[in-house]
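Undergrad: Okay, handing you the structure first.
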Amino acid sequence: MAQPPPPQGGPFPAMQNGQQPSPEQIRQMQVQLAAEAQKAGMTVPQYVERLKAQAMQQHQMRQQMAQQQQQQGQQQQPQQGAQPGQQVPIQPGPPKPEAIAVAKFLQGQNLKSRTCIFQEKRKDMFKVKRAIRALHAEAYQKARKKNPLLPEVKDRVTAENTFKLLPLSLLALRVSKIDEHEGHNHAKKKRVKGLWTVKIEQQQEANDEFHYVWLYEGAQWKNKLYAGGALVLILAVVFFPVWPYHLRLGVWYLSMAMLGLLGLFFTMAIFRLILFLITMFTNPPGLWLYPNLFEDVGFLDSFKPLWAWHEDEKAIKKRKKEERLRKKEKRGAKTNGKAVGEAEKEKVLNGEPVVSEPVAASAPATESAPTNGTAVAQQRDMSARVEEVEDE
């Protein structure tokens, strides 16, 4: 008697329907699995594992397709349901031409960007309020006349919707400061001032005090130009044996000149070290020839000044402290001048007479310079506040 054909729907149709298979069905499935495994050139356990992997892949593909359909529906809803003057919720998607135009405009403005560390790379970070001000400026209106892709900005709501084009197209994302060594017992690594380590926030909102990091790098023509130049240089070096004789001779003279300059530099470094060791015992604290030779300065500044006496750590700290105090005094003088100017403007607007005080004659330094500790403390507090305002 001929056996009925195997049921459709895979090797376990009864389990798929929620029913327990009978012993005959189990034997039939075992025979079917053995035959299919023999055809595939595998053992029964290997074939079963293969079926499981295929079922898992199909399940993952169905989930991915469902997620893509859901994202497309969410992206179409704001476009269809958004009304003028209504804020648009942020749903990331592919870059739009309008978003790229806004990113190019904002990158050309002075947003007082800071450098941060994002995914172990240096990126530029800015505040939302700077971008909103740039969108309300006259420069944006002039840019709209040249580039029609830039959206119209009338009020705060339209400015925020225009700014939200950046996170919508993944050109800039909201970040927050994190501590890499939080929860660790080892000593904290010294962080460079103003260099944050940041992470992406889930809520991409457009509040004034939030920070955003640039992911849009603009046109890559510079990198392509550098890559092309490097390729040309490599080819030139490879084909050096086929160069004309005069060019090869010129390259040889140039290389000899570079080696001579390098040798002269090492000779000067050794000579300045010997001179310092001699003067350290004869005329302490010692004399340095070209003291900024190995400092982090420009090429010409490396040879300025010609000579200087050696400074220990205490002298260097004292000199830097004096320089900071001088800068703070200048900032305090500027702030006081601005305050006096604003007070005179208020008097003029209120119709009050402005009395110009006569300039007092310069007194001796012992009388004019306050030595009271309270006055110095007040001056330091005022300068500290000025520094915080400028840093912001």
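Undergrad: Could you run through region 170-206 and say how many residues are of a type in the set (Gly, Ala, Ser) and at pLDDT 60 or above?
TA: Counting residues in region 170-206 that are of a type in the set (Gly, Ala, Ser) and at pLDDT 60 or above gives 4.
Undergrad: Output yes when any residue across region 213-234 is surrounded by 11 or more Cβ atoms within 10 Å (Cβ to Cβ), of a type outside the set (Val, Ile, Thr), in contact (Cβ under 8 Å) with a residue 40 or more places away in the chain and on the phi > 0 side of the Ramachandran plot, and no when none is.
TA: yes
Undergrad: Considering only residues that are surrounded by 11 or more Cβ atoms within 10 Å (Cβ to Cβ) and not aromatic (Phe, Trp, Tyr), look in region 306-318 and name the one that is modelled with the highest pLDDT.
TA: Ala308
Undergrad: For residues in region 290-300 being out of contact with any Ser or Thr (no Cβ under 6 Å at 6 or more places or on another chain) and surrounded by 12 or more Cβ atoms within 10 Å (Cβ to Cβ), which is nearest to Phe265 (Cα to Cα)?
TA: Top of the filtered list is Tyr290.
Undergrad: So Glu138 clears everything in (1) loosely packed, with under 12 Cβ neighbours inside 10 Å; (2) at pLDDT below 90; (3) in the same structural domain as Trp214 (by TED's automatic domain parsing) except one condition, right? Which one?
TA: Among (1) loosely packed, with under 12 Cβ neighbours inside 10 Å; (2) at pLDDT below 90; (3) in the same structural domain as Trp214 (by TED's automatic domain parsing), Glu138 violates only (2).
Undergrad: Pick out, from region 209-325, the strands (runs of 3 or more DSSP E) lying fully within it that include 3 or more residues that are more than 30 Å from Ile117 (Cα to Cα).
TA: 287-289, 307-309
Undergrad: Within region 126-135, can one find any residue that is surrounded by fewer than 17 Cβ atoms within 10 Å (Cβ to Cβ) and touching a residue at least 24 places away in the same chain (Cβ under 8 Å)?
TA: yes
Undergrad: Which of (1) at pLDDT 55 or above; (2) surrounded by 10 or more Cβ atoms within 10 Å (Cβ to Cβ); (3) closer than 30 Å to Lys164 by Cβ does Ala40 not meet, given it meets every other one?
TA: (3)
The values are calculated or read from the model by the stated rules, or taken from the named source; none is laboratory data. Note that the structure is predicted; figures quoted are calculated from it, not measured. Using ideal geometry, Cβ is built from the backbone for each residue, glycine included, and neighbour counts are taken over all protein chains shown.
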